[in-house]
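The values are calculated or read from the model by the stated rules, or taken from the named source; none is laboratory data. All figures in this text were calculated on a predicted structure; none of them were measured in a lab. A quick note on method: Cβ atoms are made from the backbone with ideal geometry, for glycine too, and the neighbour counts reach across all protein chains shown. Keep in mind that these areas ignore ligands, DNA and RNA; they rest on the heavy atoms of the full protein, side chains included. Shrake-Rupley method; radii C 1.70, N 1.55, O 1.52, S 1.80 Å.
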Amino acid sequence: MSGFRLDQGGRVDRSRSISFSFDGVTYQGFAGDTLASALLANGVLLFGRSFKYHRPRGLLGAGSEEPNALVSVSRGPGRHTPNLRATAVEVYEGLTAKSQNRWPSLKTDLGAINDRLGMFLPAGFYNKTFMWPRSFWDKLYEPAIRRMAGLGEAPTQEDPDHYGAVYAHCDLLIVGAGPAGIDAALEASGTTKRVILIDEQDEPGGGALDDPALWSWLKESLKDLAAAPNVTVLSRTTAFGYYHDNFIGAVERLTDHQAELCSGPREKLWRIRAGEVILAQGAIERPLVFAGNDVPGVMLASAARTFLQRYGVVVGKSVALMAAHDSGWRDAFAHARAGVNVAAIIDVRATVDAELLADAEALGIAVRLAHSVTDVHGRLGVKGITVSPNGGSAESRIACDALLMAGGWTPSVHLWSHSKGSLAWDDALGAYVPDQPNEKVRCVGACSGKWNFGSGLVIDTLPTPRDQSRIKAFVDFQNDVTAKDIHLAVREGFKSIEHIKRYTTTGMATDQGKTSNLNGLQIASQALGRHVTEVGLTTFRPPYTPQTFGALAGHAQGDLFQPTRKTCIDGWAEEHGAVFELVAQWRRARYFPQGGEDMHAAVNRECRAVRSAVGIFDASTLGKIEVVGPDAAEFLNRMYTNPWKALEPGRCRYGLLLREDGFITDDGVSARLAPDRFHLTTTTGGAARVLNMMEDYLQTEWPELDVWLTSTTEQWAVIALQGPMARKVLEPLVEGIDLSPEMFPHMAIREGTICGVPTRLFRVSFTGELGFEINVPAAYGRALWERLMSAGAALGITPYGTEAMHVLRAEKGFIIVGQDTDGTVTPNDAGLDWAVGKKKPDFVGKRSLARPDIAAAGRKQLVGLLTDDPAVVLEEGAQIVADPAQAIPMTMIGHVTSSYWSEALGRSIALAMVEGGRQRMGEMLYVPMPDRVLRVRVSGMVFYDPEGVRLNV
Amino acid sequence: MLLIHCPYCDEARAEIEFAYAGEAHIARPPDPAALSDEDWTHYLFIRSNPRGRHHERWRHIHGCGRFFNAVRETVSDKFEVTYKAGEPRR
Amino acid sequence: MTRFSAFSLFAKALGGHQSWPEQWPDASPKPAYDAIIVGAGGHGLGASYYLAKKYGITNVAVIEKGWLGGGNTGRNTTIIRSNYLYDESAHLYDHALKLWDGLSQELNYNTMYSKRGVMMLAHNVHDVQSFKRHIHANRLNGVDNEWLTAEQAKEYCPPLSISPNARHPVLGAALQRRGGTARHDTVAWGYARAAAALGVDIIQNCAVTGIRRGADGAVEGVETTRGFIASKRVGVSAAGHSSVIMQMAGLEFPLESYPLQALVSEPVKPVFPCVVMSNSVHAYMSQSDKGELVIGAGTDQYVSYSQRGALHIVEHTLAAICEIFPIFRRMRMLRTWGGIVDVTPDRSPILGKTPVSGLYVNCGWGTGGFKATPGAGDLLAYTMAKDEPHPINAPYNLDRFRTGRLIDEAAAAAVAH
């Protein structure tokens, strides 16, 4: 034996030495070691500091249940991960780990002052103080508490790694590849079932890894499973949550154990839908609760056995065992047989199985029955223990450098509980075991409560002659919850286990109570004098162990976070320096700056071009729905506020769509192509919503209507050509359509070809100028755009973006649904009564318009606003008052919805919702800004060309 | 993630293919104008919201596109049955 | 009531903390009370406290099906703010905010209200317009809310990514400095302790099974799993279960209950100084005093009482968090949980009288009830004591759904064009 590593044994690869560092010191381990086993082999016992008292802590467990040994691992910029369990970190060449929550060092941590002050910091202490003086909370108390709390340091740089995600489907999912799980997989391997076997550790085997007698069986079994074509075995994969209908979330860790940085994903999320689930998650040993049970070197007996058998590492040179369960005896025997001195076996029970006693005697181990450990000596490591007979006060001291605890076993019913399977209390086991399933799932092996570890005594705290209120006997190690904290909670009236948990924070640490829940429950039960089942059980919630945000986010990062929808003309806009804005999922060109122009200058230029010559605009993002069928007109008549039946083929109409509650939800110009065919347009953001709403009415309210709805948003590219020269640009390119004003008036649609491409040509205007919207199949959009640009070059054709579009439409008083209306505006509010079919008996939303407060006077109405100072452009969203001198809170009577500099008018213009606005024409109102009050006059909404002469040319 | 049987596709598919569409069997009144404000409000807003059997609508929006009805237990979230739109209440 | 202070903590420590009394007694139901509150969450316990404290009605029972504070009070992400658009909302939530300030001292219980600021991110031109509208309206209503540029937002919250190349770039933010968080459980416990000290009975593990009405239709009391309890005044504050209780009184409500999930990371040292919310990307986050990143997700899409949500909701939420805060991608999710939120058609609460005489309701808070806790309690108490709503909660009546006078904050903010 060299140091703490045995000369032989274990599953580590002694031919591959690995060097790594912890807190700046370089150590050697072997391939197959965890950070915990490798440090232990180097004689390191101190791993971390506890959350509250900053007490020195060593290893409690050997697996993912570990509450104490939390470390940070850093491997280059952005690759810093806090709070990893040393027992689950595989060593690799160059691994750099650090301890946490200590300053200045792990051995000398000033935060440990909390431990001295512990008597003043019982559970819930922060509820009772830090209230005076009041102002100190924000500036002093809270920042201090926050600095003391927390564990490791968060990453500070962007994570350069990426993460994957897959869906998987199987007939049988087995969680846990211990003997029970492997047996289940072997049984299914001969069938036609698709089987997935997953296990959280770096190699399958579970408990078999700790038992050399099973290693050859394990090897053969894994070989058989590898050969079975229907079985997939996933190691380093944690099934963390069991969701509805046998849907299980699991994360596979792919690269963290490798010395070289890999190009593949760091972790992969598996979303598995299983026909049947077998849970074989095993059981976790419970600590015992007594003074000093947290001194480094006091650990679970099963964990010590794992270190011994699997890693060939001993936890001490002279170990003692404190047992309440048979299993610990066997762990102690294993140590003795490996040549470790077993200083004593202390068992709280008065009688134990004779065979155990015989074995102990044969191995020469001193045994003390009906005794308990009442103190542990040493601060940074065990130096000895004090033992007393139960009920007596005699104390004797035993020298040892490690103490194993065997408090019995807790079946891992976490996933079972996620699935809402019920639990039954088993008095003999002192634990909850699976009862009735809620999904197609069953538990096998130790997690079902069936095991061959022997039996034990269920006990809340070990007997001690000392004053229980003066000792720290830990229940939740990481959160520093002691037995007396639980007693205090009960004393203060917290009687439900959920209250006790929240008051003391027991079970709320990063191990989620894997080793503490049952002890906490037993202590609460004893303190309350009620049976455990009357105290309640805290709910197990996903995840089983902590899971990386990045893994759960999966591919949905950066450009893949959400698709950016781009039109077929987007590339041209990008090449020509467009500045974009995001609208719903689309990006749209907002303006096209030329030669260093700012937005203001560019928009002014674009507006001038449209008003004086011709502008070209990519309107492809407009939602489009093809409505076809004999009842198409009837359908639209029922959906929209306006009448549609009399609309002649070849004509267009502005349509207004309400929700059933009477508020405007969408609008758009639509065209009738034939008696049974309409080309609808919707707002850019509303397309999907409108189609869904229409499908809903069509399928479920009016299934008798013979109508088909098809989304054509992405099938058509739409190019708006607007301005007095628009016809001149278009005319030479169009075939089969007479563009003359007589034959193709405003609000008409014609079908023909443009540049040889089929088109639906709308004569519509959102600018007040002569205008066309050219629909061509999307694949031709960019080519047509480029042809129009060259065709219009001599006439000064100018691309314009959404910002100029907004100015131009506002000059004409055209509203934008979603900007000038929100979800609380009726047609009357928006001044759109003209678009409501008065004679129609019904349409969606009509009945709601007759509700008392919708029909009432004094509602906010959309009007124009002109600032006193024409140079001042109001801020959109600014509030309007009648009396600027009033005190706060002011009575606000409206707000600015749209506001721009109008190049055409040489002044600012605005639209606003104002209470009773249409009765206030000419009235002076006020817009109080932080620094001044602006005066505005209420006006009509049409600022430019109110007669509409520019349209009809 | 729920597993939902689409009665049109006759397949059980993952919830992310579907859009929930509110309580089922709330028919739009044939003549809304004839309704009192109270009755119209009832149609618009009152929902049974039971702790137990719930009749609800789903749309197989990333599948066949059809709306259909379902009975689901709202405490366990388990589906009892799904059936086509227009079929009688189960 | 033993007064809590550093001194009492010190004194009791010397006695091994053996002499702390129960913070509230576990009461058994008496045959009759002057007022009954159904639901011992923060709202209901707050109402009982204010009934006793402000209106002298001390013969009050708070009846709770499970354990107090076990519903949405203990399951939310503890965000407190009042920067709402409409006057009705701003007045309601600011009333609550003013009560939060000083609540620890009032209750002699540290509720850990922390004014660390709530920052709401604007990601597109529409968000900017919407937030500016809020800021202007808030200013004239006396509610603090200020505009920050993207750079100022980053300065206020260093982990924030303001890369212009992000899928949803940050164009700016609205910051309410008085906004923040509080420790959710302690609010319920603090009210429970203070109410009990004034004589209120807190009766846990007592489910209401019926509401008894007299011949005149008025409330006479509640049937419970522990027998009938008489009272002419019953206030229902039962969150997700409100519609179930109202149905016992023969009332149909415009409510639907949805699962809402939240999650926390493992604790880390202080790294995140405020609360950040993003409606466009759909996530919100703060860091608790314990060090956990506290993250809210959206609701699942269907009605449910299961207190259980789907994984894909968590995936979307964390994708959103990692998008806004890419430095947290290696952080790890420690715990998720679900609550049941009752949502009205306009997503504003119903707080006031009901068509049944003597029956009062406080429900429909959806995902935002925690921030209103002291205000809702105070206003429910007022309404029950006076048998008429306070001017602040008068607009939150049931009749608004008939008349169309909805208070729809989300509609005012969220329509894309």
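State the number of residues belonging to region C:128-169 that are assigned to a loop (DSSP other than H, G, I, E, B) and not β-branched (V, I, T).
Adding up the residues that qualify gives 16.
Test A:A687 against the criterion of being within 51 Å of the chain's Cα centre (by Cα) and crowded, with 21+ Cβ neighbours inside 10 Å, and give yes or no.
Here the answer is yes, as A:A687 does meet what is asked.
What pairs come out if I take residues in region A:780-798 that are more than 15 Å from A:D618 (Cβ to Cβ) and pair them with residues that are open to solvent by 60 Å² or more (accessible area, probe 1.4 Å) whose C-beta lies under 8 Å away, six or more apart or interchain?
Within 8 Å, the pairs are A:A791/A:P732; A:L795/A:K728; A:G796/A:S612.
In region C:129-145, what residues are touching a residue at least 12 places away in the same chain (Cβ under 8 Å) and either facing chain A (nearest Cβ under 9 Å) or basic (K, R) (or both)?
Matches in region C:129-145: C:S130, C:F131, C:K132, C:R133, C:H134, C:I135, C:A137, C:N141, C:G142, C:V143.
Looking at the structure I just gave you, is A:T129 in contact with a Ser or Thr (Cβ under 7 Å, 6 or more places away or on another chain), of a type in the set (V, I, T) and either farther than 30 Å from A:I18 by Cβ or at the interface with chain C (Cβ under 7 Å from one of its Cβ atoms) (or both)?
It is true that A:T129 is in contact with a Ser or Thr (Cβ under 7 Å, 6 or more places away or on another chain), of a type in the set (V, I, T) and either farther than 30 Å from A:I18 by Cβ or at the interface with chain C (Cβ under 7 Å from one of its Cβ atoms) (or both).
Could you give every pair whose Cβ atoms fall below 8 Å, whose first residue belongs to region A:401-414 and is outside any strand (DSSP E or B), and whose second residue is charged (D, E, K, R), counting only separations of at least 6 or pairs across chains?
Going by the 8 Å Cβ cut-off, the qualifying pairs are A:D401/A:K317; A:D401/A:K383; A:G407/A:E285; A:G407/A:R286; A:G408/A:E285; A:G408/A:R286; A:S412/A:K514.
Name the single residue that is surrounded by the most Cβ atoms within 10 Å (Cβ to Cβ) among those in region B:74-88 being of a type in the set (V, I, T) and in contact with a Ser or Thr (Cβ under 8 Å, 6 or more places away or on another chain).
Top of the filtered list is B:T74.
State all residues of region A:672-711 that are closer than 22 Å to A:G818 by Cα and hydroxyl-bearing (S, T, Y); if no residue qualifies, say none.
Of everything in region A:672-711, those that are closer than 22 Å to A:G818 by Cα and hydroxyl-bearing (S, T, Y) turn out to be A:T681, A:T682, A:T683, A:T684, A:S711.
Could you tell me whether any residue of region A:384-394 is surrounded by fewer than 16 Cβ atoms within 10 Å (Cβ to Cβ), part of a strand (DSSP E or B) and among the hydrophobic types (A, V, I, L, M, F, W, C)?
The answer is no; no qualifying residue exists.
Restricting attention to region C:262-271, which residues are surrounded by fewer than 24 Cβ atoms within 10 Å (Cβ to Cβ) and facing chain A (nearest Cβ under 10 Å)?
Selection gives C:V264, C:E266, C:K269, C:P270, C:V271.
Is at least one residue of region A:69-82 without any contact (Cβ under 8 Å) to a residue 12 or more places away in the chain, within 14 Å of chain C (Cβ to nearest Cβ) and in contact with a helix residue (DSSP H, G or I) (Cβ under 7 Å, 6 or more places away or on another chain)?
The answer is no, given that none of the residues of region A:69-82 is without any contact (Cβ under 8 Å) to a residue 12 or more places away in the chain, within 14 Å of chain C (Cβ to nearest Cβ) and in contact with a helix residue (DSSP H, G or I) (Cβ under 7 Å, 6 or more places away or on another chain).
Got a sec? Which strands (runs of 3 or more DSSP E) wholly within region A:846-928 have at least 3 residues that are open to solvent by less than 10 Å² (accessible area, probe 1.4 Å) and within 11 Å of chain C (Cβ to nearest Cβ)?
Here the list reads A:894-902.
For region A:536-572, which residues satisfy the criterion of being more than 7 Å from chain C (Cβ to nearest Cβ), surrounded by fewer than 23 Cβ atoms within 10 Å (Cβ to Cβ) and assigned to a helix (DSSP H, G or I)?
A:L560, A:D570, A:G571, A:W572
Could you grab me the full set of residues in region C:117-128 that are facing chain A (nearest Cβ under 8 Å) and open to solvent by less than 20 Å² (accessible area, probe 1.4 Å)?
C:H123
If we scan region C:295-311, do we find a residue that is among the hydrophobic types (A, V, I, L, M, F, W, C), within 11 Å of another protein chain (Cβ to nearest Cβ), outside any loop (DSSP other than H, G, I, E, B) and surrounded by fewer than 24 Cβ atoms within 10 Å (Cβ to Cβ)?
yes
Are any residues in region C:27-49 buried (at least 24 other Cβ atoms within 10 Å of the Cβ) and either at pLDDT below 95 or not aliphatic (A, V, I, L, M) (or both), and if so, which ones?
C:Y33, C:G39, C:G41, C:G42, C:H43, C:G44, C:G46, C:S48, C:Y49
Of all residues in region C:347-377, which are charged (D, E, K, R) and surrounded by 24 or more Cβ atoms within 10 Å (Cβ to Cβ)?
Selection gives C:K371 alone.
Can you tell which of A:A578, A:A589, A:A584 is touching a Gly at 6+ places or on another chain (Cβ under 7 Å) and at pLDDT below 95?
Only one candidate passes the filter, namely A:A584.
Can you pull out the residues in region A:86-127 that are open to solvent by less than 50 Å² (accessible area, probe 1.4 Å), within 23 Å of A:D33 (Cβ to Cβ) and assigned to a helix (DSSP H, G or I)?
A:A86, A:T87
Counting just the residues of region B:17-40 that are acidic (D, E) and free of Cβ contacts under 8 Å to residues at least 24 places away in the same chain, which one comes out farthest from the other protein chains (Cβ to nearest Cβ)?
Result: B:D39.
Where in region A:643-713 are there strands (runs of 3 or more DSSP E), lying fully within it, with 3 or more residues that are within 14 Å of chain C (Cβ to nearest Cβ)?
A:664-674
So which residues in region A:23-40 are surrounded by 24 or more Cβ atoms within 10 Å (Cβ to Cβ), over 28 Å from A:A473 (Cα atoms) and of a type in the set (A, V, I, L, M)?
A:A38
So which strands (runs of 3 or more DSSP E) stay within region A:147-253 end to end and still have 1 or more residues that are open to solvent by less than 10 Å² (accessible area, probe 1.4 Å) and at pLDDT 95 or above?
A:164-175, A:195-198, A:237-243, A:247-253
List the number of the failed condition for C:S104; all other conditions in (1) more than 22 Å from the chain's Cα centre (by Cα); (2) facing chain A (nearest Cβ under 10 Å); (3) within 30 Å of A:L140 (Cβ to Cβ); (4) outside any loop (DSSP other than H, G, I, E, B) hold.
If we test C:S104 against (1) more than 22 Å from the chain's Cα centre (by Cα); (2) facing chain A (nearest Cβ under 10 Å); (3) within 30 Å of A:L140 (Cβ to Cβ); (4) outside any loop (DSSP other than H, G, I, E, B), just (1) comes out false.
So that you can scan it fast, the table gives a plain yes or no per residue for (1) open to solvent by 10 Å² or more (accessible area, probe 1.4 Å); (2) assigned by TED's automatic domain parsing to the domain that holds A:S448:
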site: A:I272; (1), (2): no, yes
site: A:P296; (1), (2): no, no
site: A:S302; (1), (2): yes, no
site: A:M322; (1), (2): no, no
site: A:I345; (1), (2): no, no
site: A:T351; (1), (2): yes, no
site: A:E355; (1), (2): yes, no
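For region C:149-179, give me the residue count where each residue is open to solvent by less than 60 Å² (accessible area, probe 1.4 Å) and without any contact (Cβ under 8 Å) to a residue 40 or more places away in the chain.
Qualifying residue count, region C:149-179: 5.
Quick test of your reading of the structure: A:F130 fulfils all but one of (1) surrounded by 20 or more Cβ atoms within 10 Å (Cβ to Cβ); (2) in a loop (DSSP other than H, G, I, E, B). Name the failing condition by number.
(1)
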